[in-house]
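Below: the structure, in structure tokens.
The values are calculated or read from the model by the stated rules, or taken from the named source; none is laboratory data. This one's a predicted model, so the numbers in the text were calculated from it and none came from an experiment. Cβ atoms come from the backbone with ideal geometry, glycine included; neighbour counts cover every protein chain shown. Protein only, heavy atoms only, side chains kept; ligands, DNA and RNA dropped before computing areas. Shrake-Rupley method; radii C 1.70, N 1.55, O 1.52, S 1.80 Å.
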Amino acid sequence: MSSLAASLVPEVIKKLIPYQSARRIGGSGRVWLNANELEFPIHFDNQAKSYNRYPDFLPHDVASAYQKYAGVETPVLAVRGADEAIDLLIRTFCQPGKDKIVVCPPTYAMYEFCADALAMETIKVPLVGDAFDLDSQGVIQAAKEANLVFLCSPNNPTGNLISQAEIIKVLEGTQDDAIVVVDEAYIEFELAQNAASLIAQYPNLVVIRTLSKAFGLAAVRCGFILADKSVMDFVAKLIPPYPMPDSSATVVLAALSETGLKQVEENTQTLISTRDWFIGELKNLPCIAHVYPSSTNFVLVRTHSGEDLFAYLLKHGIVTRNQSHDPALRNCVRITIGSQSSMEEVISVLRSYPTQS
Ligand SMILES: Cc1ncc(COP(=O)(O)O)c(C=O)c1O
């Protein structure tokens with residue numbers, strides 16, 4: 001029986017024969033002269049490691065270390081950040097100028113950006129009410145016209161989580177229509193709520209992860225796609241010949257080791273404590289109209305209309321993210337949780353914020 005993925009993927013991708021890079025072809029031998037690499041390394045800065053050979057086509061050790069961490073047996077693909085995952089999934093499953101995606105604003109802007117760049121229409125099913133709840137029925141309806149649905153959980157910039165029950169509702173309602181991509185960039189801050197284990201049951205589910213947030217490896221550029229084989233077979237056709245630099249893979253393997261994961265877990269707990277302290281302090285400040293609950297390493301706050309909070313913090317050297325351009329987020333600022341001392345400084349500056357009478 002043909003999979004949903006196979007029925008959605010454009011003919012042009014189906015027919016595409018992946019580029020046969022030297023590492024993809026593999027093989028065995030003693031003298032490797034097949035990839036136009038430099039056969040012997042030049043050791044810049046006295047580095048011990050050699051970088052003259054192209055890296056693995058797909059770094060299997062990285063993928064299997066992540067599989068173990070995620071507690072899944074479904075295929076895992078390492079990519080250069082969750083942003084590459086978004087772009088790759090759209091290019092695999094949507095035909096430029098023809099197919100559509102569904103997003104639930106306010107949410108991460110890259111889903112719509114990638115679709116726009118390929119002349120694809122984005123159907124918007126806004127989050128509803130003060131709690132930014134998912135309109136699951138609206139999403140299911142819109143998915144009938146689309147190939148991909150992007151859900152962000154926990155969501156950037158609102159900070160809230162979509163419950164597993166809601167995700168299952170969407171998966172059930174879309175299983176004949178669209179692939180549902182759940183972007184779990186911030187899931188380490190609410191790990192028990194992750195959707196990865198649902199892939200075994202719902203082959204129309206794809207989960208995106210990143211090491212840029214809780215793992216603190218934003219500069220390494222490493223993300224992951226977790227998906228059923230029926231989906232991954234097509235994604236692997238479009239992946240660039242050598243997606244992951246060796247230098248990144250080395251750091252990633254250290255982060256995914258037992259010691260690395262313990263460090264991440266401890267650090268995440270500390271960050272959550274700082275966040276919860278920060279939220280408590282914000283709630284006592286007269287300039288803050290609302291603090292949105294957060295399942296992430298940032299907090300969305302709404303001020304009373306008046307002097308722009310973003311500009312005020314900037315004047316004091318504190319750079320946050322202004323969200324006011326979005327009509328659903330008027331007077332809102334997103335503040336990343338940093339060290340305890342940075343957050344104390346933010347609170348101290350906000351204590352002198354001019355209050356509206
Ligand atoms: C929801 C969400 N998805 C994906 C990304 C991109 O992450 P990466 O650094 O792995 O490309 C971000 C970065 O801010 C994000 O907030």
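Does the stretch 191-202 contain at least one residue that is in a loop (DSSP other than H, G, I, E, B), more than 30 Å from Val301 (Cβ to Cβ) and of a type in the set (A, V, I, L, M, F, W, C)?
No, every residue in the stretch 191-202 fails to be in a loop (DSSP other than H, G, I, E, B), more than 30 Å from Val301 (Cβ to Cβ) and of a type in the set (A, V, I, L, M, F, W, C).
Conditions (1) free of Cβ contacts under 8 Å to residues at least 40 places away in the same chain; (2) near the ligand (Cβ under 9 Å from one of its atoms); (3) within 12 Å of the chain's Cα centre (by Cα), marked per residue:
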{"residue": "Val181", "(1), (2), (3)": "no, no, yes"}
{"residue": "Glu184", "(1), (2), (3)": "yes, yes, yes"}
{"residue": "Glu188", "(1), (2), (3)": "no, no, yes"}
{"residue": "Asn194", "(1), (2), (3)": "no, no, no"}
{"residue": "Leu198", "(1), (2), (3)": "yes, no, no"}
{"residue": "Gln201", "(1), (2), (3)": "yes, no, no"}
{"residue": "Lys213", "(1), (2), (3)": "no, yes, yes"}
{"residue": "Cys222", "(1), (2), (3)": "no, yes, yes"}
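Report yes if some residue within the stretch 44-51 is among the basic types (Lys, Arg), in contact with a helix residue (DSSP H, G or I) (Cβ under 8 Å, 6 or more places away or on another chain), closer than 30 Å to Lys213 by Cβ and away from the ligand (no atom under 16 Å from the Cβ); otherwise report no. Yes, the stretch 44-51 has at least one match. Identification of helices (runs of 4 or more DSSP H) wholly contained in the stretch 246-357 with 3 or more residues that are open to solvent by 60 Å² or more (accessible area, probe 1.4 Å), out of contact with any strand residue (DSSP E or B) (no Cβ under 7 Å at 6 or more places or on another chain) and without any contact (Cβ under 8 Å) to a residue 60 or more places away in the chain yields 258-283, 340-351.
You will find that of Glu145, Glu166, the residue that is open to solvent by 10 Å² or more (accessible area, probe 1.4 Å), assigned to a helix (DSSP H, G or I) and of a type in the set (D, E, K, R) is Glu166 and no other. Taken over the stretch 191-213, the criterion of being touching a Leu at 6+ places or on another chain (Cβ under 8 Å), modelled with pLDDT of 95 or more and open to solvent by 10 Å² or more (accessible area, probe 1.4 Å) is satisfied by Leu198, Tyr202, Pro203.
Just one of the listed residues (Ala85, Ala78, Ala65) is farther than 28 Å from Pro157 by Cα and either at pLDDT below 90 or open to solvent by less than 30 Å² (accessible area, probe 1.4 Å) (or both), namely Ala65.
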